1. Is it true that some residue in segment 173-190 is charged (D, E, K, R), at negative phi and part of a loop (DSSP other than H, G, I, E, B)?
2. Failed condition for GLY69, given (1) outside any loop (DSSP other than H, G, I, E, B); (2) within 13 Å of the ligand (Cβ to nearest atom); (3) not aliphatic (A, V, I, L, M), with all others met?
3. Of the conditions (1) within 23 Å of GLU110 (Cα to Cα); (2) surrounded by 19 or more Cβ atoms within 10 Å (Cβ to Cβ), LYS75 clears all except one; give me its number.
4. Please go through (1) touching a strand residue (DSSP E or B) at 6+ places or on another chain (Cβ under 8 Å); (2) within 13 Å of the ligand (Cβ to nearest atom) for GLN314 and return the number of the only condition it doesn't satisfy.
5. Closer than 20 Å to LEU5 by Cβ, in a helix (DSSP H, G or I), more than 16 Å from the ligand (Cβ to nearest atom) and β-branched (Val, Ile, Thr), is that true of THR354?
6. Pick out, from segment 2-57, the strands (runs of 3 or more DSSP E) lying fully within it that include 2 or more residues that are within 14 Å of the ligand (Cβ to nearest atom) and in contact (Cβ under 8 Å) with a residue 40 or more places away in the chain.
7. Please indicate, with yes or no, whether at least one residue in segment 128-150 is out of contact with any helix residue (DSSP H, G or I) (no Cβ under 7 Å at 6 or more places or on another chain) and in a helix (DSSP H, G or I).
8. Give the residue, chosen from ALA107, ALA178, that is under 26 Å from LEU317 (Cα atoms) and within 16 Å of the ligand (Cβ to nearest atom).
Amino acid sequence: MSKLLSPVMLGSTTFKNRIVISPMCQYSAIDGFANDWHLVHLGARAVGGAGLIMQEATAVSPEGRISYGDLGLWKDEQIAKLKTIVDFLHLQGAKVGIQLAHAGRKASCEKPWEGGHQIAPDSENGWKTIGPSAIPYKENDRAPIVLDQKDINRIIQNFVDTAQRALQIGYDVLEIHAAHGYLLHQFLSPLSNERTDEYGGSFENRIRLTLEIVEAVQKVWGDKTLFVRISATDWVDGAWSIDDSVSLSKILKQKGVHLIDTSSGGNVLVPIPAKPNYQVPFAAQIKEEAQIPTGTVGLINTPKQAEEILENEQADLIFIARESLRNPNFPLYAATILEDQIDWPSQYQRAIPTHGEWK
Ligand SMILES: Cc1cc2nc3c(=O)[nH]c(=O)nc-3n(C[C@H](O)[C@H](O)[C@H](O)COP(=O)(O)O)c2cc1C
């Protein structure tokens, strides 16, 4: 049996295989509400056999959205449609995760296919952005409003309230988004955090908000399965580094986090040497040195590539993003390529390859 298609338990959840559909914003919500696009998009990938479907970055408050098309779960009215979706994914045998997010200074943007530029706060679909320090993300972006302690307390409460709704909906996994230059990463990195209070300066101070959110969320989420997505490096010398990530992961492990979903970059515009498996060494180092399960992501496009990472014990879960857009049935495909067993949906059984298809 391949490792990729064998079950694994993390926290309180057993996944039927180790393929995760990585969170992918669809920019298709209105006022944060999910709709049939999300049902079909996520549903197709559950039908395709993934062990875990991680729902896209879901905002804990309206101003925490990257764009006006982001999903949100900041009010009770947003629960019903998400519950319909989660129930459907469960019927396909998938576990379901929700990624809780706040975009901080990278909020208030156009949808990528409309250019992705930041929208002025006084225009339609724009709002004021917030962040640890008054440093814009990039040229032509505006400097965020600096958060004070009251604002920070409010944001922590937003995460808690959203986690409470996620619990009510029935998600199996909650993932705190602390990667890709969004609010928590903005606090972690000295490139975006120049605060002089207890949230800035030292490593201990810069990780404080992430830890406070993890602890606060655990008060409602209990010991259910909890992941944190981090950017393992800023790809800038002297900034947030893989060593910082290992140190943070050790602390998160002590706090009861079950997996570090290991990505990279996104906080400043610098070239990233992306190629197949380019982020795998980060997941491997965190797994080895912090002794915590890791997920790896980034240009993992073939079943053999994914299987090799698991065989080499470099990570515990394989997150697939763009390849799963090209092929929503990637897990069914992987089972064929790796000559392994997987349950096909009854409705699709006449398509199970018997004549060398997919080989
Ligand atoms: C359309 C799209 C939307 C994305 N949205 C998110 C998101 O909501 N949260 C997140 O952490 N990463 C997001 N990502 C990053 C992916 O989860 C993944 O880390 C990245 O695409 C690299 O994996 P890949 O090479 O398999 O695509 C997104 C990527 C794509 C292509």
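Since every read-out is calculated from the coordinates, none of them should be taken as a lab result. Worth saying up front: this structure is predicted, and the values here are computed from it rather than measured. So basically every Cβ, Gly included, is an ideal-geometry build from the backbone, and we count neighbours across all protein chains shown.
1. The answer is no; no qualifying residue exists.
2. In the conditions (1) outside any loop (DSSP other than H, G, I, E, B); (2) within 13 Å of the ligand (Cβ to nearest atom); (3) not aliphatic (A, V, I, L, M), GLY69 misses (1) alone.
3. (2)
4. (2)
5. On the way: closer than 20 Å to LEU5 by Cβ: yes; in a helix (DSSP H, G or I): no; more than 16 Å from the ligand (Cβ to nearest atom): yes; β-branched (Val, Ile, Thr): yes.
No, not satisfied.
6. Values: elements: 8-10, 13-15, 19-21.
Because the criterion is at least 2 residues that are within 14 Å of the ligand (Cβ to nearest atom) and in contact (Cβ under 8 Å) with a residue 40 or more places away in the chain, the strands (runs of 3 or more DSSP E) in segment 2-57 that meet it are 19-21.
7. Yes.
8. None of the other options fit; the residue is ALA178.
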